[in-house]
1. What strands (runs of 3 or more DSSP E) completely inside the stretch 169-227 contain at least 3 residues that are open to solvent by less than 10 Å² (accessible area, probe 1.4 Å), at pLDDT 95 or above and closer than 30 Å to PHE327 by Cβ?
2. All but one of (1) within 24 Å of THR106 (Cα to Cα); (2) in a loop (DSSP other than H, G, I, E, B) hold for PHE324; state the number of the condition that does not hold.
3. Determine which single condition GLU523 fails, assuming it passes every other condition in (1) under 30 Å from ALA195 (Cβ atoms); (2) modelled with pLDDT of 95 or more; (3) of a type outside the set (Val, Ile, Thr); (4) more than 25 Å from the chain's Cα centre (by Cα).
4. Within the stretch 393-413, identify whether any single residue is under 27 Å from GLY442 (Cβ atoms) and free of Cβ contacts under 8 Å to residues at least 24 places away in the same chain, and answer yes or no.
5. Can you tell me which residue among GLY364, GLY399, GLY381, GLY406 is open to solvent by less than 10 Å² (accessible area, probe 1.4 Å), touching a Cys at 6+ places or on another chain (Cβ under 9 Å), at pLDDT 95 or above and outside any helix (DSSP H, G or I)?
6. Tell me which residues, restricted to the stretch 497-511, are closer than 13 Å to PRO487 by Cβ and open to solvent by 10 Å² or more (accessible area, probe 1.4 Å).
7. Which of the residues spanning the stretch 92-125 are of a type in the set (Gly, Ala, Ser) and at pLDDT 95 or above?
8. Is it the case that ARG545 is in contact (Cβ under 8 Å) with a residue 40 or more places away in the chain and closer than 28 Å to VAL143 by Cα?
Amino acid sequence: MTSRTQRPWTARRSRSVAIAAISLGIVGALARDSAAQSVADLDPHIRVTASAMPNPTITLRWNASTVAQNFIVRRRDDPGDAFAMVAMLGATATSYEDRGVMPGRTYEYAVQRRSMTGATLASGEAYVLAGIDVPFRDDPGVVAVVIDEETAAANAMKLSRYEEDLRADGWSVERVTVRRMDPPPMVRAALQRLAMTHAERFSAAVLIGAVPRAFSGNLRPDGHADHEGAWPADGYYGDLDGNWTDTRDYGGTNFNANRAGDGKFDPSSLPSTLEIAVGRVDAEGMTAFNAMPAELIGRYLDRNHAYRVGEFAPRPRTWVTDSFGYFNGEAFSRAAWRDGNVVFGADPESGRPFFDALEDPAGGYAFAFGCGGGNPQGAGGVGSTMDFVRRMPRSVFVGLFGSYFGDWAYANNFLRAPLFAQPGALASLWFARPWAHLHGLGAMRSFGDEFLRTVQGTGYDIGVARMGVHQGLMGDPTLRMFTVRPPTMLRANATTDGVALTWGPSPESGLVGYHVFRVRASEADRVAAERITMTPVTETSFVDRTATAAMEYRYRVVAVGRASTGSGTFHNHSLGVMATVTPLAPALDAGAGDGGTMPAGDGGADASAPSSDASSDGSTRPPSMGGCGCATPTRSRAPWRGAIVAIAMGAMISARRSRRGRGRSDG
């Protein structure tokens, strides 16, 4: 089978899968009713109150329990550390106050409820990444935009806008153009070369269009023997140093068959931890939407842009539709119930049909989860791909779980469908084997960060199938759950006093201010931009007196918002507005006066000097002066191998170890 083959799904198969789905639903219902278990109450519902004055304090609060024996609170300050117990509290406890904290950094907590022997509710545990006024990280790193030739040509303008949006969000961007029939090792080799070039800054890859699909293993994470074999494995592209062999003959006759030398890999579990977060936007075989794949990709890119600039804003709440219930202890929807609280600071909602909720006139639900007995194109009690086609769901991150559709290579696949609906969603995940851990979204972490936490995070209650090759994120890994509307129209004037910057204000309410970043234009996609404002400036102007004469710079101005979530308080950046300019004279002094700000109305220096304007409504950004640094693999280039390169890669990988398990280790 080639890397682009769509898995078939016949009417006969539909009937057999439907029977399996019904039986799973019955088993789940019986287990739930006999044990009187409530998935909604299985784990503590944590919410954080963070206060910097008079003394820095993080207060965890959770719901009361009638079955608790005690509560254990654990904390760790780094994702590589083990959780350490900080308190054992009585059965009636509903809060814990931590005064041993500092503003500006994150702390991860685990709250475990230990139930009494014979209690009707099993023990449970929930997590939160908490902080007080935590600054946003200045450098998210390097992202590879991997796209096939046809999709790139059909969406040239939208793709350029998408890459400029990434740059406006602080990313360095490398485009990798591939052919749909390229073997997966050729694509992986291109990513490995980027890792050699950018070292630990290389953080993510988004696969757009008909990027070759890798398959691996002999597994059946959905429990069905007729679906055992090789599953799609985008982890192959995220694991830059693992050994993915193709020497075992697992046999089989269906589309999951995996034989030695057939181009499908052997591992059922990831050979090593992932170095980068990979997300996929793949419209191949999604014929139910009555549009060509390139058109569906264009729709997604439009929605991605609208979300980043605040024009697409589903309601910040969580929805849960659970047709499985307790299911012999697996309690598939527990991730939705426990993480929804710490992301939005409000209990998840349930009770209506899934698609009725996502069509809610108030704006749908930003976080939406549905699980039920499945088939490739739907889940019992949740809906089907055709519901995504015919209805108008609105969400940001959709979690779906059920049999078969976790293998997203099926045509008209249910897991990929949210990305191509209208208005639709930005990401989706098969979220219950293993249990997803998405609590970092409440701390401004990206979808990619939380995918890495789910796949390989340590110290968590994970259920089954941790490190399985089947895990894949559908959608853009660079996105976050919260956005800030950007400022407008950056103008950069080169004057004898420095570079004078002025911009239009962001329409966002409650802003902390603005940050200004600078990078040499020739290095814009190779090095991280430097933040030249120590603290956010509150005016809409700034003078940079430290720039070197005759050196062309790219400036970026972002609005800084303060988000109060269920995890604490965090700063969040908007997309930036950008402009390039060349200073006229050498730097005059080391600072920019009082906080580096110009008095209001004093930013429009020397109108005759060279200047650069950039519209920041997100639609007409200037092209990058630094180029895209494209890496286009060719068929003549051998796959990345060789002892010397392996040694260098090993040295690079060792420098990244501290951030594994959370994606990024800076809090």
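1. Counting at least 3 such residues, we get 215-219.
2. (1)
3. Every listed condition holds for GLU523 apart from (2).
4. no
5. Of GLY364, GLY399, GLY381, GLY406, the one residue that is open to solvent by less than 10 Å² (accessible area, probe 1.4 Å), touching a Cys at 6+ places or on another chain (Cβ under 9 Å), at pLDDT 95 or above and outside any helix (DSSP H, G or I) is GLY399.
6. Across the stretch 497-511, the qualifying residues are THR502, TRP503, GLY504, PRO505, SER506, PRO507, GLU508, LEU511.
7. Result: ALA93, SER95, GLY100, GLY104, ALA110.
8. It is false that ARG545 is in contact (Cβ under 8 Å) with a residue 40 or more places away in the chain and closer than 28 Å to VAL143 by Cα.
The values are calculated or read from the model by the stated rules, or taken from the named source; none is laboratory data. These numbers come from a predicted model, not from an experiment. Ideal geometry is used to build each Cβ from the backbone, glycine not excepted, and the neighbour counts take in all protein chains shown. For accessibility, only protein heavy atoms count, side chains too; no ligands or nucleic acids. Shrake-Rupley method; radii C 1.70, N 1.55, O 1.52, S 1.80 Å.
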